[in-house]
Amino acid sequence: MYKTITSLAMFTATIILIACKQQTKQNPASNIDTIKTPKFADSTKKITLTEADLASKKDLVCGMPAFRFMKDTTIFNKKIFAFCSKECKDEFLKNPKGYITKTIK
């Protein structure tokens, strides 16, 4: 029984990691121009975020807990979104409204 549970846990963890790290094609018609960064923003400056600062508790691309596994962030519609990997952030930036709409439904 213990062996089965361990195997199942390892399989689930592998699937989650693969989902976050999957490579995607570059979309030339991305919506990156809809995401505006304030002129005064310094992308190299570190700031302290809390889970309450984030627009979503989950990574909108893969569904992982955003704050716990946060590796990257972006601002869209004056809200901060966190991602578990650069790949998830890049995927979100291709169609941010689509990911936000999916989570509302």
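The values are calculated or read from the model by the stated rules, or taken from the named source; none is laboratory data. Bear in mind the structure is a predicted one, so any value in this text is a computation, not a measurement. Glycine also receives a Cβ, built like all others from the backbone with ideal geometry; neighbour counts cover every protein chain displayed.
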Inset, instruction - Identify all residues within region 72-105 that are among the basic types (Lys, Arg) and either assigned to a strand (DSSP E or B) or within 11 Å of the chain's Cα centre (by Cα) (or both); write none if there are none. - result: Lys79, Lys86, Lys89
Legend entry - Phe81 vs. criteria at pLDDT 90 or above and of a type in the set (A, V, I, L, M, F, W, C): yes
Inset, instruction - Identify the residue in region 53-88 that is surrounded by 15 or more Cβ atoms within 10 Å (Cβ to Cβ) and acidic (Asp, Glu) and, among all such residues, is nearest to Ile100 (Cα to Cα). - result: Asp59
